[in-house]
Each structure stands twice: as structure tokens, then as C-alpha cells.
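S.K.: Let me begin by handing over the structure; questions about it come next.
The values are calculated or read from the model by the stated rules, or taken from the named source; none is laboratory data. Remember, it's a predicted structure, so these values are computed and weren't measured experimentally. Note that each Cβ is placed from the backbone with ideal geometry, even for glycine, and that neighbours are counted across all protein chains shown.
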Amino acid sequence: MSDTTKKPPVRMEVPKELARGVYSNMVSITVAENEVILDFAMMMPNGQDAEVVSRVVLTPQVAKNFMSAFQNALLDFDIARKKREKSAAGECKNFSENSNLSSVKVNRGNGLPAF
């Protein structure tokens, strides 16, 4: 007999000192054998230096789960945005998607491929 008991959802509490969050327009990803390191940074337009504002260290499995959940969230966002654009056709024009400043840099530590 299989166990079909569902686990209750995890409740996440955000401490007051983290509630404001940080802004990042750049991320550096380093993949090592047992960890994936995400360095979120802020870089001024036309700047040469970026300041890391947050570092997140994940296991490879958690990184894969995050990647899947993040991709699904962005797909849902795009679908909702397209629906809004269709319903508000002609009311306003959107900025070109090429105008954003975000970038992604992937570092491969220890010769392991990024996933």
C-alpha cells in the first residue's frame, strides 16, 4: 500500500532585517562538485565594477529544484503578462525587452558543467 499522505506546506518567515530585500541586476553562478554559489550583484550602468549584495550557496539538487521552480514562475508571469497586454491592447506600449540591464555570468568550478 502506498503512502498518499501529503506533507503540510512549509511556512517561511522573513525576519524584519531581511524584509526589505536587496536589488540586483547581475548574477554570477559558480558550480563546484558539492555546491552551487549564486552571487547577486549591483552594477551601475556603464560601470566596470559590481558589488555583491547577496550570496546564496545551494546543493546541486536544491539548485536544480530552484531552477525548475524559477523557470515555471517566469513562464506563468509571461502568460499572465500576455493576457494583460491583450486585454489592454492599445492603452500603452511596453519597453523593448532588450532594454534591461540584467546579465548572467556562469563560472564552472572544478571543471564541472553548469546545468
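S.K.: Residue check, N34 against (1) at pLDDT 95 or above; (2) out of contact with any helix residue (DSSP H, G or I) (no Cβ under 9 Å at 6 or more places or on another chain), all met but one. Which one?
M.R.: (2) is the only condition that N34 fails.
S.K.: While we're on this one: Within the set of pairs 6 or more residues apart or between chains, which connect a residue that is closer than 19 Å to I29 by Cβ inside the range 59-86 to a residue that is part of a loop (DSSP other than H, G, I, E, B) and among the hydrophobic types (A, V, I, L, M, F, W, C) with Cβ atoms less than 8 Å apart?
M.R.: Pairs that qualify, where the first residue is closer than 19 Å to I29 by Cβ and the partner is part of a loop (DSSP other than H, G, I, E, B) and among the hydrophobic types (A, V, I, L, M, F, W, C), are P60/F115; A63/F115; K64/F115; M67/F115.
S.K.: While we're on this one: Only one residue in N94, N46, N65, N100 is among the polar types (S, T, N, Q) and modelled with pLDDT of 95 or more. Which one?
M.R.: N65
S.K.: Among the numbered criteria (1) out of contact with any strand residue (DSSP E or B) (no Cβ under 8 Å at 6 or more places or on another chain); (2) polar (S, T, N, Q); (3) surrounded by 12 or more Cβ atoms within 10 Å (Cβ to Cβ), which one does T30 miss?
M.R.: Among (1) out of contact with any strand residue (DSSP E or B) (no Cβ under 8 Å at 6 or more places or on another chain); (2) polar (S, T, N, Q); (3) surrounded by 12 or more Cβ atoms within 10 Å (Cβ to Cβ), the lone unmet condition for T30 is (1).
S.K.: For E17, indicate whether it is surrounded by fewer than 11 Cβ atoms within 10 Å (Cβ to Cβ), closer than 21 Å to M67 by Cα and among the acidic types (D, E).
M.R.: For E17, the condition - surrounded by fewer than 11 Cβ atoms within 10 Å (Cβ to Cβ), closer than 21 Å to M67 by Cα and among the acidic types (D, E) - is not met.
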